[in-house]
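Comments concern the structure below.
Bear in mind these aren't lab numbers, they're just calculated from the coordinates by the rules spelled out. This is a predicted model, so every value here is computed, not measured. Reconstructed Cβ throughout: ideal geometry from the backbone, glycine too, with neighbour counts over all protein chains shown.
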């Protein structure tokens with residue numbers, strides 16, 4: 001049902017040894033509060049911070065974000081992405097020297113069709129370490145299809161998107177956790193050839209991603225600690241929609257819009273890397289849910305959808321009154337760390353300019 005905005009995806013991973021310098025320094029704790037509207041209100045608590053030790057070759061890098069390159073020729077889709085180091089302001093005053101795809105964290109949204117053949121090129125702009133792409137939407141031998149791309153080199157890989165769904169992609173270079181947690185994650189949507197049974201009922205569509213942040217480049221904290229921030233982002237499915245990074249206020253400052261009576265479809269993925277998401281929209285019930293985004297996995301009348309790390313879903317619900325509808329993970333310790341977004345519902349589906357949640 002969307003305007004086949006073929007964007008973003010993936011490749012490479014699972015090999016190589018990587019130099020990782022863990023973050024160390026004195027901890028500074030900040031806190032601030034943001035009050036969500038209506039019931040299920042949550043306070044947003046700022047994260048612990050440490051001054052990181054940065055890989056030497058990364059210290060002065062802050063590559064500008066670059067658009068995804070994507071071209072379709074029949075059922076062949078040619079995609080080019082970069083791996084690069086780009087600063088992301090996770091919350092006000094806290095910049096994270098993220099390892100990214102195309103300067104976005106999560107990386108660019110990729111949308112293809114079931115049965116497409118993907119020709120994927122990764123250009124590694126990182127001068128220090130290899131990167132790769134592990135694409136959950138394909139069948140391939142990981143040591144070949146997800147192989148490392150060395151610094152300042154390119155790698156090209158080919159595979160088919162054979163199943164519909166909402167899939168994670170991520171860097172698969174060792175240690176995989178460091179690459180994902182430092183920002184190298186994203187989502188690819190494979191549209192079903194026959195669509196979803198509810199296509200004719202849906203009025204609005206958005207893509208939502210949940211991810212976690214830990215102490216910068218600290219593998220021990222990523223392995224044994226708890227996330228300092230848990231956040232949502234939205235990636236544009238259509239022109240004019242917001243396209244954000246995974247930051248504490250991303251989908252609060254730019255709420256999603258809907259009109260009274262709209263049936264809204266969300267393509268949701270929890271890219272983790274470690275935590276489960278209990279995805280819930282306050283003030284409504286999911287009319288239809290397609291687990292992992294596959295039309296064969298249809299459920300109805302759900303209040304909350306459990307998303308394991310890397311798990312996806314298509315959720316659909318109807319907004320019946322004007323107001324602000326928060327969406328959260330119902331792991332409320334994570335909602336207090338930032339995992340709250342807003343859907344603003346108005347009579348005409350346009351932003352009325354009113355403030356949302358004190359933002």
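Quick rundown of the values:
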{"item": "Spatial separation of Cα centroids for the range 250-311 and the range 64-92, in angstrom", "result": "24"}
{"item": "Among 237-248, 310-321, 293-304, the order from most to least packed when residues are scored by Cβ within 10 Å on average", "result": "310-321, 237-248, 293-304"}
{"item": "Between the range 194-230 and the range 119-155, the Cα center-to-center distance that results, in Å", "result": "22"}
{"item": "For the range 110-164: rounded, prolate or oblate by the Cα gyration tensor [a/c cutoff 1.5]", "result": "prolate"}
{"item": "Percent of beta bridges antiparallel (DSSP, the range 199-346, rounded to nearest 5)", "result": "75"}
{"item": "Three-way shape call for the range 140-225 based on the alpha-carbon gyration tensor, with the a/c threshold at 1.5", "result": "oblate"}
{"item": "Theoretical FRET efficiency, 1/(1+(r/R0)^6), r = Cβ-Cβ of residue 144 and residue 322, R0 56 Å, to 0.05", "result": "0.55"}
{"item": "Taking 162, 277 and counting other C-beta atoms within 10 Å, the order from fewest to most", "result": "162, 277"}
{"item": "For the range 285-359: rounded, prolate or oblate by the Cα gyration tensor [a/c cutoff 1.5]", "result": "oblate"}
{"item": "Extension gain from residue 259 to residue 62, taking 0.36 nm per residue of separation minus the Cα-Cα distance", "result": "67.0 nm"}
{"item": "Length added when fully stretched, residue 236-residue 348, from 0.36 nm per residue minus Cα-Cα", "result": "38.2 nm"}
